[in-house]
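Participant: Here it is, the structure in full.
The values are calculated or read from the model by the stated rules, or taken from the named source; none is laboratory data. Because the structure is a prediction, the values reported are computed rather than measured. All Cβ positions, glycine included, derive from the backbone under ideal geometry; neighbour counts span all protein chains shown.
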Amino acid sequence: MSEKTFLGIGSRVNHPAYGFGVVIRLDVAAYEVCFQQFGVKLVGKEYKAWEVIEAIETTQSVSYTEAEESLVKILEQWSGSSKIVELGDKWDDGTLILKPSDENLKPKEMPIDTFFHKIVMVRDRIRVMEQRINSSKLTDEEKVNLQQYITRIYGSLTSFNVLFKYKEDHFVGERSK
């Protein structure tokens, strides 16, 4: 970032002491930054020790609502927290039954919402892994190689999309991206 370039609202940074954060307001001499683990802090506009992950120009006009929505999205991605994902209505109070071909063995039964929760946890952990790879110091080539594996994992999990209530929660593989 050049000396005369300032960050705009929504810019993402990595501070050596506070960690990942997003610029949420511009003051005369400082940025108001919301950090993932430390909340809102003022950082001087001349501060240079942080890593700018994504700079947004200050000329861009952003409403408070747009900035808030962007902040929520970015913090969800970086924090590893997950939103509530709903099971499709047709599966409410359902049971998953795994029946072995050997008649001497007992079938395994579990509530389908327990199984669904495990699938959602796998998906959320893959998303966190994807974010960590993208923010790592790996080379672009290494990131692309790892990203291909993640895309294939999502593709392998598309069979479970039938469980999700909303399409935006579905796994997406190579062909759909």
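Participant: Quick one: in region 104-143, of everything that is among the hydroxyl-bearing types (Ser, Thr, Tyr) and either over 23 Å from VAL13 (Cα atoms) or part of a helix (DSSP H, G or I) (or both), which residue is modelled with the lowest pLDDT?
Facilitator: Among those that are among the hydroxyl-bearing types (Ser, Thr, Tyr) and either over 23 Å from VAL13 (Cα atoms) or part of a helix (DSSP H, G or I) (or both), it is SER135.
Participant: Could we say that LYS143 is in the same structural domain as LEU98 (by TED's automatic domain parsing) and free of Cβ contacts under 8 Å to residues at least 24 places away in the same chain here?
Facilitator: Yes: the conditions hold for LYS143.
Participant: Moving on to the next point. Any idea how many residues of region 107-120 are loosely packed, with under 14 Cβ neighbours inside 10 Å and more than 19 Å from the chain's Cα centre (by Cα)?
Facilitator: The total comes to 6.
Participant: Now a separate question. Can you pull out every residue in region 121-161 that is loosely packed, with under 14 Cβ neighbours inside 10 Å, of a type in the set (Gly, Ala, Ser) and farther than 23 Å from PHE20 by Cα?
Facilitator: SER156, SER159
Participant: Considering only region 124-166, how many residues are of a type in the set (Lys, Arg) and over 30 Å from ASP89 (Cα atoms)?
Facilitator: Summing the residues that are of a type in the set (Lys, Arg) and over 30 Å from ASP89 (Cα atoms) in region 124-166 gives 3.
Participant: Which one is modelled with the highest pLDDT, of the residues in region 1-53 that are in a strand (DSSP E or B) and loosely packed, with under 11 Cβ neighbours inside 10 Å?
Facilitator: Looking at the filtered set, the residue picked out is GLY44.
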